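Derivation of every value follows stated rules applied to the coordinates shown; laboratory data play no part. Quick caveat, the model's predicted, so the values are computed rather than measured. Counting neighbours? That spans all protein chains shown, and the Cβs are built from the backbone with ideal geometry, glycine included.
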Amino acid sequence: MLQLLPGALRFLWTTLLWSSDTRYEQPSLTFELRHAHGVANGTRNVFTDLGQSLVAESFSVKTRRSKLHRPSSQNAFQNARVSAMKRIRTNSPTWEEIEVEGPDTEKRETLLTLAKMTSNAYTEPTAKDWYDLGPDWNSSYPFGWEPDADGFRGHIFVSQDNSTVVISVKGTSAGWIVGGGGPTTRKDKLNDNVLFSCCCARVGPTWTTVCDCYSGGGKLCDQNCLETSLTKESLFYPIGTNLYNNVTYMYPEANIWLVGHSLGGSLASLLGVTFGVPVVTFEAPGEKLAATRLHLPSPPSTQHITHVYHTADPFPMGTCNGVTSACAIAGYAMESRCHLGKVRKYDTVTKHGWAVDIRTHGIRVIVERLLAEDWEEGREVPELTDEEDCIDCYNWEFGDYKNASFMGAGSCGGSL
């Protein structure tokens, strides 16, 4: 794997100081940024080392022992995926139940710190919207962050003893959502429309779809075409799996967590199912539909994935859809609403009177408003729950509507 990362391109890493806090029974991890990651020229993962000598103010995350299921072999996991896509009967991969040190999401401080890490995935240490980790950060060699870079981005945080790694994945950069844009906007939009739409962003007859799977008849969509469209190497899920493998090559003994906001959170969840690691997301659109279309083998439990979102945000609630919605007007088909794993849902509409508004979606709203104080007296955060009776795209019909030779021709190259 190391050959994928030329020495001159080492970009995005972090230092996480192992410590204990006597105020809590749980152990605590404190994090400092050491590296950053990005994608250059479409698909190449690139890294730079920010330097061991640069020491930042630490920030802590409370932890707790968590059980999760991990595929015993990535070869078996991926073979099961491919066989399922080809409609070949095969055995599911075997799963190992293991216990790891994961984030304690019962603690507001944990969620707040992870949300700050997630927010920093959108920016660079010298930018004004970076949550301060210390005064001496060097951003002079930011591969994947130059104006001509257009791919998968984020930051990686690592413990001082290399025992724990947190991969923070950037979500959609779009001015109409979070107050910014940038070179990744078009690729972000493509991934949003492929992952979260019912049928290639076919919202209405005037839309240019992102793949050729719509089959007419009002609401008919070719399932084989959809599944093939999600496997293109230029999309973020396969890039994310390559990044994860690179990280595990560099830190083979580390315990890895994934965090992300919006699109980044959904990608973190898909990777968390693939590799069996703890995940915390913020305001992520429903990714369960994409997991099904990617044929990710389902572990016995996905309780290692925690989605944090509030009811005034139409993205995770699955209500930013329809031809007159703000999402559709901006060219986004955000039609999914079902999530994997567990949910900590903040009912900000009922409890705090927040209006449903896409402007509540931004990660800084989560950091500076939602997580600024305990949820209610006696509870730092809402209870962990399941999403019940959730169905995506109920008004569409999916089947084999195109010639079998079409398999592999459902390219995701349509204009956006």
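What the table below lists for this structure:
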read-out: Simple spin-label estimate for Asp374 and Asn91 in nanometres, 7 Å along Cα-Cβ; value: 5.1 nm
read-out: Cleavage-rule hits, chymotrypsin sites (Phe, Trp or Tyr not before Pro), region 318-410, DSSP coil, Cβ neighbours within 10 Å at most 15; value: Tyr394, Trp396
read-out: Span from the region 191-241 Cα centroid across to the region 68-119 one, whole angstrom; value: 24 Å
read-out: Distance in nm between pseudo-label sites at Val349 and Ala330 (7 Å out along the Cβ direction from Cα); value: 1.9 nm
read-out: Loop GluC sites (Glu not before Pro), region 284-392 (other Cβ atoms within 10 Å of the site Cβ: 12 or fewer; DSSP); value: Glu373, Glu377, Glu383, Glu388
read-out: Spatial separation of Cα centroids for region 273-306 and region 355-377, in angstrom; value: 23 Å
read-out: Label point 7 Å beyond Cα of Arg359 along Cβ direction - residues of region 285-316 with amide nitrogen under 19 Å; value: 310-316
